[in-house]
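The values are calculated or read from the model by the stated rules, or taken from the named source; none is laboratory data. Note that the structure is predicted; figures quoted are calculated from it, not measured. No Cβ is skipped: glycine too gets one built from the backbone with ideal geometry, and neighbour counts run over all protein chains shown.
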Amino acid sequence: MDHRAVKQAERINSCNSTVLQYCGGALSPEMEPPKLLWVKENLQESWSLVFRWMDLSDWLSYRATGDDTRSLCTTVCKWTYLGHAHMDQIKEKDSRDMEACGWDDEFWEEIGLGDLVDGHHAKIGRSVAFPGHALGSGLTPTAAKELGLVEGIPVGTSLIDAHAGGVGVMESVPVPDSDSQEFDEDAICHRMVLVCGTSTCHMAVSRSKLFIPGVWGPFWSAMVPKYWLTEGGQSATGALLDHIIEDHVASPHLANRAASQGISLFQLLNKMLESMMYDLGSPFLAALTDDIHILPDFHGNRSPIADPKAKGIICGLTLETSEKQLAILYLATMQGIAYGTRHIVEHCNAHGHKIDTLLACGGLAKNPVFIQEHADIIGYPIILPRESESVLLGAAILGAVAAKKYSSLHEAMKALNAPGQVVHPSEDPKVKKYHDAKYQIFRQLYEQQLSHRSLMAQALA
């Protein structure tokens, strides 16, 4: 959620480097080059003292093993490392060679960070490996003592937290009937994983590289080795729901009531919505928001518009401050987030993907109303994994692969992922008609924002 480097991202994107086509056509201020440029320009003393720049996951594996080999996941998804160039070059050498061959030195020079090229990219990664590659000699004596574990336990090259969720859930699909059609090896390419937390990441893989404007990627082997990763996202989802609720005058009283009942505030709001549907004679739950519409881009739009300057919109406010009004605002916010996911899915499918199934994990995936609204709005079934902490399972899979318990990451996923509940879209045609109308309004809200922005720019010119 760090957007300090918006101006740096704009400057970098103006250079039109070829690396930009592998991150949706433009770098986000959430990625490392603009963040690093911001540090260099604003914290010069810190910049001069730095020994290594690392993502959190690479730092943890380095602390655990003393091995500074970076992950294809972090370097490709956040640092502009070209994983496919890495693969092409190591094919010509020893397949175990982890030399970092995918950095574009001209790019770093052009954006003003040429010093990161020094020492064969020592500060940002001299060696890069597939997720799950065994690092060093496993846990060092120091790390083992700090963690209360045994020295030498295998440690796998890391994944970013959301990507670990993807590995922990992407093969969590029901086993097909024995009399069904032959097993489709590329069925994984029809799925999208939603890793729903403070923000939401939307992960899909493909055999071929798909260039999708405004959507991060294509990233070679950044999550599942030998597949191209497409990564959409919403910068604020759980954070937005928290903000909407906490900013409302009725929130403290509701929070106290939820605590007295021993349930979460979300559970209480969901119960209230159910009661309101019956009390008001609403034909279905979603219809409670017929006159309130939300554009959820309070922290910019990560995908598919890729506009960090986008703002949130709430259309339909009144002077009412009741608990019921908060419940409706909460429901409309969840719907706005789901319309954003629908926009991402439609955009990806319009550019070569064939997504028809969603899988969801993370904190928000435990909210049944949030998941049902997504299923109804997008029109696809949503599979929830049996394991409630899929990000931890994905991380554990890396360790299992590093320990040679499985021959590949994908094999480990198939063995250790398992499906739980499947949430289907409503079969009521009125629900679809309702959400189609609200989705049209959702899309119009951003277009209106662009018009307003243009008018004000002209006024201030």
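Just name the residue that is nearest to the chain's Cα centre (by Cα) out of those in region 224-239 that are part of a strand (DSSP E or B) and not polar (S, T, N, Q).
Selected residue: Gly233.
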**Prompt:** Hey, Tyr81 hits all of (1) closer than 20 Å to Cys23 by Cα; (2) touching a residue at least 60 places away in the same chain (Cβ under 8 Å) but one; which does it fall short on?
**Reply:** (2)
**Request:** Being in a helix (DSSP H, G or I), surrounded by 11 or more Cβ atoms within 10 Å (Cβ to Cβ) and acidic (Asp, Glu) is the filter here, so list the residues in region 410-461 that pass it.
**Result:** Glu411, Asp436
**Request:** Filter region 33-55 down to residues that are in a helix (DSSP H, G or I) and touching a residue at least 60 places away in the same chain (Cβ under 8 Å) and give me whichever is farthest from Ile212 (Cα to Cα).
**Result:** Lys40
**Asked** Going by the conditions given, is Asp88 at pLDDT below 90, outside any helix (DSSP H, G or I) and among the acidic types (Asp, Glu)?
**Response** no
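Okay, residues lined up against (1) out of contact with any Pro (no Cβ under 8 Å at 6 or more places or on another chain); (2) not hydroxyl-bearing (Ser, Thr, Tyr):
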{"residue": "Asp2", "(1), (2)": "no, yes"}
{"residue": "Gln8", "(1), (2)": "no, yes"}
{"residue": "Ile12", "(1), (2)": "no, yes"}
{"residue": "Cys15", "(1), (2)": "yes, yes"}
{"residue": "Arg52", "(1), (2)": "yes, yes"}
{"residue": "Thr74", "(1), (2)": "yes, no"}
{"residue": "Leu82", "(1), (2)": "yes, yes"}
**Prompt:** If you go through region 98-106 one residue at a time, do you hit one that is surrounded by 16 or more Cβ atoms within 10 Å (Cβ to Cβ), more than 22 Å from Gly24 (Cβ to Cβ) and at pLDDT 95 or above?
**Reply:** no
**Asked** Condition test on Ala286, is it modelled with pLDDT of 95 or more, farther than 26 Å from Ala360 by Cβ and surrounded by 14 or more Cβ atoms within 10 Å (Cβ to Cβ)?
**Response** no
